[in-house]
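A.B. asks: Quick one: the structure is below, questions incoming.
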Amino acid sequence: MKTVYACFCTDVIHEGHLNIVEQAHRYGKVVVGALSDEALIRFNRFPTRSLEERMRLYGEIDGVEEVVVQNDMLYGDVIPTLRPDYVIHGDNWLTGPMAGIRASVESLLSAYGGQILDIPYTRTEAVRAVDTQLKEKLAMPEYRRKRLRQLIRICPVVKAIEAHSGLTGLIAEKTVVEHNGRLDQFDAMWLSSLCDSTAKGKPDIELVDLTSRLRTIDDIMEVTTKPIILDGDTGGLPEHFVYNVRTLERMGVSAVIIEDKVGLKKNSLFGTEVEQEQAPIEDFCAKIAAGKHAQLTEDFMIIARIESLILEKGMEDALTRAAAFVGAGADGIMIHSRRKDPAEILEFCDRFRETDAHTPIVVVPSSFNSVTEEELADHGVNIVIYANQLTRSAFPAMQRTAEDILRYHRAKEVDDRLLPIKDIITLIHEL
Ligand code: SPV
Ligand code: MG
């Protein structure tokens, strides 16, 4: 009896999956792999059902004899042990980002003479409707809100990129790259105060009010499903913060990060070049505690951002504050630095982890940008935020285009570096 293996990465079984099992059955005993949560996330299929539920679902399909867990998107853990005679897959993996996965399967099978069965991918209205429905479900507040905590549990490091509009939200949502045969993408979005203000031509001094920030969040939520971490600046007055926590929770925002500053907040990257005052520990603890008290769900996170290193108040002050803020109920700590060298950030993380093994640590490597996600994760970091790179790449590109049109009195010279007209008119898909 031959063995036919198919890997599934779905929460809902549709006719395409049934067709794969039916075709596979003609060749032998059918074994289905359930892709692990972590691999699913890398594959842009955030699970809405647990691995156990998915395994049960696959096992109930007529013709499936066995269900196994597949941890590696490239099949590297399953094929050498199971040694299936065939691996069956829809022919949609012949081209595009999934071609690397097929190449890996081909090479693993060639070690012992196994074969790939490419079958026509099922493209029907019903299949498309199931996919759309799944996406829409993930955009609902109850799914989106809890997704950040799920990611922290599942991923070695959660990667967030800034978004300040529907368009940048789409970039955060949809950008996928293939690297060494594996697919990768961002896990979450950072609603930066700097970039939201900059997009409106305003300084980053809490001038853009929450009503306006909520409008930006809503624009992003309309077209994305990934979780949102809001840069909440100082969080404002505790009496206002409690209402804002409820509003954010209701919308489906996953976390707010508030920084321990008072008065006129300026952007941290100014450091001590401008006057900025840090909040007394007790006052900031009271704000955190008030926010936690107001919160209604288990999902929402209030993360305390420590500005001691930015304001050159020293490592001890940063660590004292971190312990106090966690004691007051903070669900995570963000530690910031504007040094080019990541040493002080890594030292903070190591020392914080000596006494606190679990509270998530968030970092924003804008200045200390040589450090890799892996190194940060090795020092206990859970969330890495790329806080402003989209805005900083778009601005010089737009400025150069504007200058060149003025210079040449026509647009021909800039055309080579522009998105083709046929692509811009179809960039946003209509429903
Ligand atoms: C932001 O993106 O607005 C931040 C991070 O608060 S930083 O600009 O580095 O202070
Ligand atoms: Mg900010």
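The values are calculated or read from the model by the stated rules, or taken from the named source; none is laboratory data. This one's a predicted model, so the numbers in the text were calculated from it and none came from an experiment. Note that we place each Cβ from the backbone using ideal geometry, even for glycine, and neighbour counts take in every protein chain shown.
A.B. asks: How many residues, within the range 11-37, are in contact (Cβ under 8 Å) with a residue 60 or more places away in the chain and in a loop (DSSP other than H, G, I, E, B)?
C.D. replies: Going through the range 11-37 one residue at a time, the tally reaches 4.
A.B. asks: Next question, about the same structure. Can you list the strands (runs of 3 or more DSSP E) found entirely within the range 330-431 that contain at least 1 residues being on the phi > 0 side of the Ramachandran plot and exposed (fewer than 10 other Cβ atoms within 10 Å of the Cβ)?
C.D. replies: Hits in the range 330-431: none.
A.B. asks: Same structure again: Got a sec? Which of Arg102, Arg49, Arg54 is of a type outside the set (A, V, I, L, M, F, W, C), crowded, with 18+ Cβ neighbours inside 10 Å and without any contact (Cβ under 8 Å) to a residue 40 or more places away in the chain?
C.D. replies: Values: Arg49 fails: crowded, with 18+ Cβ neighbours inside 10 Å; Arg54 fails: without any contact (Cβ under 8 Å) to a residue 40 or more places away in the chain.
Of the residues listed, the single one that is of a type outside the set (A, V, I, L, M, F, W, C), crowded, with 18+ Cβ neighbours inside 10 Å and without any contact (Cβ under 8 Å) to a residue 40 or more places away in the chain is Arg102.
A.B. asks: If you go through the range 208-243, how many residues are outside any helix (DSSP H, G or I), more than 12 Å from ligand 1 (Cβ to nearest atom) and surrounded by 13 or more Cβ atoms within 10 Å (Cβ to Cβ)?
C.D. replies: 7
A.B. asks: Checking Pro156 against (1) within 15 Å of ligand 2 (Cβ to nearest atom); (2) part of a loop (DSSP other than H, G, I, E, B); (3) in contact (Cβ under 8 Å) with a residue 40 or more places away in the chain, only one condition comes out false. Which one?
C.D. replies: (1)
A.B. asks: Determine, yes or no, whether Glu354 is at pLDDT 95 or above, under 28 Å from Gly291 (Cα atoms) and more than 24 Å from the chain's Cα centre (by Cα).
C.D. replies: yes
A.B. asks: Also: Within the range 159-207, can you find the residues that are outside any strand (DSSP E or B) and of a type in the set (Val, Ile, Thr)?
C.D. replies: Passing the criteria: Thr168, Ile171, Thr175, Thr198, Ile205.
A.B. asks: Does Tyr121 satisfy being in contact with a strand residue (DSSP E or B) (Cβ under 9 Å, 6 or more places away or on another chain), among the aromatic types (Phe, Trp, Tyr) and either touching a residue at least 24 places away in the same chain (Cβ under 8 Å) or not assigned by TED's automatic domain parsing to the domain that holds Val30 (or both)?
C.D. replies: Taking the combined requirement at face value, the residue satisfies it.
A.B. asks: In the range 177-204, what count of residues is obtained for those that are more than 20 Å from Val256 (Cβ to Cβ), in contact with a helix residue (DSSP H, G or I) (Cβ under 6 Å, 6 or more places away or on another chain) and either of a type in the set (A, V, I, L, M, F, W, C) or not assigned by TED's automatic domain parsing to the domain that holds Thr372 (or both)?
C.D. replies: So the count comes out to 1.
A.B. asks: Okay, moving on. Can you give me the number of residues within the range 52-81 that are in contact with a strand residue (DSSP E or B) (Cβ under 6 Å, 6 or more places away or on another chain) and in a helix (DSSP H, G or I)?
C.D. replies: Adding up the residues that qualify gives 4.
A.B. asks: If only one of Arg351, Arg400, Arg392 is charged (D, E, K, R) and within 16 Å of ligand 2 (Cβ to nearest atom), which one is it?
C.D. replies: Arg392
A.B. asks: Please verify whether Thr234 is touching a residue at least 24 places away in the same chain (Cβ under 8 Å), within 19 Å of Ile302 (Cβ to Cβ) and over 12 Å from the mean Cα position of the chain (by Cα), treating the condition exactly as stated. Reasoning before the result, please.
C.D. replies: Values: touching a residue at least 24 places away in the same chain (Cβ under 8 Å): yes; within 19 Å of Ile302 (Cβ to Cβ): yes; over 12 Å from the mean Cα position of the chain (by Cα): yes.
In short, yes.
A.B. asks: Select from the range 201-231 the residues that are more than 13 Å from ligand 2 (Cβ to nearest atom) and without any contact (Cβ under 8 Å) to a residue 24 or more places away in the chain and list them in ascending order.
C.D. replies: Hits for the range 201-231 are Gly201, Asp209, Thr211, Ser212, Arg215.
A.B. asks: I've got another one for you. From the list Ile281, Ile310, Ile257, exactly one residue is hydrophobic (A, V, I, L, M, F, W, C), closer than 30 Å to Gln150 by Cβ and surrounded by 14 or more Cβ atoms within 10 Å (Cβ to Cβ). Which is it?
C.D. replies: Being hydrophobic (A, V, I, L, M, F, W, C), closer than 30 Å to Gln150 by Cβ and surrounded by 14 or more Cβ atoms within 10 Å (Cβ to Cβ) holds for just one of Ile281, Ile310, Ile257, which is Ile257.
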